[in-house]
Amino acid sequence: MQQIKKHVAIGGAIIMAACWPLAVGQIAQNVLTDGVALLGNDKISAEVIEYQRGYFSAQAKTRFSVTDPALKGQLEQDGLPTQIELTHQIDHGLLSISAETETLVNPLLAFRLDTQTKLNGNTAFDFHAEPIQFKDAAGAELNIDHYNGQGQLTLGGVSEFRFEVPSMEVKFANGELLEVDKLVLKGNGQKQQGFWLGKQSIRVQGVELKTHDPAQALSLEKMRYTISAHQDEAGEKLTSKQKILLTNLTMANAQVDSARFDFSVRDMNRGAFSGLMALYQQNQVLNDEQIAEAIPLLDTLVESGLTVSLDQLVVKLDKGTMNIDWQLGIPAGLKNVSQNPTMILNQLTGHLTANTSNELLEVYPTLQEGLDELMILEFASTSPSGYQLGAKLENGMVKFETGKEVALMALFLPLLANGQ
């Protein structure tokens, strides 16, 4: 009996080993089919047009086509392709699936994508693209050097990636030139219900715009833009933060040594914000029906409360500095604001702080004139180093550090009158 059991076990193992590549092959086909289906949307169709599965390997073709009439027409007008086909050489490993993907007859967009997918669905990728050289009918040119990328994607949608473009050049039809050096895009996070939860950043090593008019030319040594978003534990509130850092920005009339801009929106009602974003993404101009759909979403957004703030704006020029930060908060509980928008003014809370050095005002006399007017109104004050403005907002009143108090409604009335 023991001998029979041993033979049965060995036989079962042999059968499983023989069937394993077939099982892995089926998993590979499901991964490709499901992945391609997820890439389709209302502007682009994605489909598997061919799949030939063998024992240890498979070959497939996929097609991606622009279906949005406006986008398709614009691409055709610019001489750009509206369809791309990819070939996939897939190998069925013991514990993973590897694939080589390449473009099929597409001189403008030629690349190779190597992926390795584990049986749990997690995928690592390595991307390499050929240079792009494109010239439209008007004579404008786009030249992009070899670019590449690497990253990982889990079955749950969590991803981490890095793409780098060593150099890019845009020659405009009028002879002007834009040059960009070393553009790096990085990110990690997960897309959920139209939101990217995580962090993304764009870093540029150098930018130069050469124009016929020297007053319009500029150069930039470094630029970094970062955006991050996260939700609370309940998944009901969303917070988004954006940061921009600039180094050595040279323009005709100014030399900015560095600039930092930090902006955030905190504790937004996720459902209401998602609905509003969907409306605006699908419709550039809202009609009466869509406006009626947006109003209750806006009411919900305000009723849930949120905070908008410029956490930091610091500009350092060749002569002088400027520092600004402000915050506005809408407390939860304000219902049906769309019926009486002015009720927000009496409920807003916040603060404002601004400092400007004397050296900066010597370079920009128009800024000096504006600050002098604030001095007359008793909103701003001076010190040996420059001008300061500080204020707190509560109960519909703006209370300045100078001791001056003004109703927020009084500050808004001129704006409302100009709007009419």
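The values are calculated or read from the model by the stated rules, or taken from the named source; none is laboratory data. Everything numeric here is computed off the predicted structure, so don't read it as measured data. So basically every Cβ, Gly included, is an ideal-geometry build from the backbone, and we count neighbours across all protein chains shown.
Tabulated results
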read-out	value
Of all residues making up the stretch 103-129, the number that are surrounded by 14 or more Cβ atoms within 10 Å (Cβ to Cβ) and of a type in the set (Asp, Glu)	1
Residues (part of a strand (DSSP E or B) and in contact with a helix residue (DSSP H, G or I) (Cβ under 8 Å, 6 or more places away or on another chain)) located in the stretch 229-247	Gln231, Lys237, Leu238
Residue in the stretch 54-75 that is free of Cβ contacts under 8 Å to residues at least 24 places away in the same chain, part of a helix (DSSP H, G or I) and of a type in the set (A, V, I, L, M, F, W, C) present	yes
Tally, over the stretch 333-378, of residues that are surrounded by 12 or more Cβ atoms within 10 Å (Cβ to Cβ), within 34 Å of the chain's Cα centre (by Cα) and not polar (S, T, N, Q)	13
Yes/no for Thr321 being closer than 24 Å to Thr247 by Cβ and at pLDDT 85 or above	yes
Residue match in the stretch 185-194 (condition: touching a Leu at 6+ places or on another chain (Cβ under 7 Å) and either surrounded by 15 or more Cβ atoms within 10 Å (Cβ to Cβ) or in a strand (DSSP E or B) (or both))	yes
Every pair of residues 6+ apart whose Cβ atoms lie under 9 Å, when the first sits in the stretch 154-168 and is in a loop (DSSP other than H, G, I, E, B) while the second is hydroxyl-bearing (Ser, Thr, Tyr)	Thr154/Thr123; Leu155/Thr123
Residue count for the stretch 100-109, restricted to those that are in contact with an Asp or Glu (Cβ under 8 Å, 6 or more places away or on another chain) and modelled with pLDDT under 85	3
Residue check for Ala229: under 14 Å from the mean Cα position of the chain (by Cα) and modelled with pLDDT under 95	yes
Number of the condition not met by Ala254 [criteria: (1) in contact with an Asp or Glu (Cβ under 9 Å, 6 or more places away or on another chain); (2) within 30 Å of Leu209 (Cβ to Cβ); (3) surrounded by 16 or more Cβ atoms within 10 Å (Cβ to Cβ); (4) among the small types (Gly, Ala, Ser)]	(3)
Matching option when the condition is closer than 30 Å to Ala292 by Cα and outside any helix (DSSP H, G or I), among Leu389, Leu310, Leu328	Leu328
Residues of the stretch 69-82 classified as surrounded by 13 or more Cβ atoms within 10 Å (Cβ to Cβ) and either β-branched (Val, Ile, Thr) or modelled with pLDDT under 85 (or both), total	6
Hits in the stretch 248-276 - residues which are under 30 Å from Val314 (Cα atoms) and either in a helix (DSSP H, G or I) or touching a residue at least 60 places away in the same chain (Cβ under 8 Å) (or both)	Ala254, Gln255, Val256, Asp257, Phe273
Boolean, Lys182 is of a type outside the set (S, T, N, Q), within 21 Å of the chain's Cα centre (by Cα), surrounded by fewer than 14 Cβ atoms within 10 Å (Cβ to Cβ) and in a strand (DSSP E or B)	no
Counted residues, the stretch 142-166 - those being over 21 Å from the mean Cα position of the chain (by Cα) and crowded, with 17+ Cβ neighbours inside 10 Å	1
Identity of the residue in the stretch 79-97, within 30 Å of the chain's Cα centre (by Cα) and assigned to a strand (DSSP E or B), that ends up farthest from Asp68 (Cα to Cα)	His88
Those residues of the stretch 277-307 which are part of a helix (DSSP H, G or I) and either touching a Pro at 6+ places or on another chain (Cβ under 7 Å) or of a type in the set (Phe, Trp, Tyr) (or both), in sequence order	Tyr280
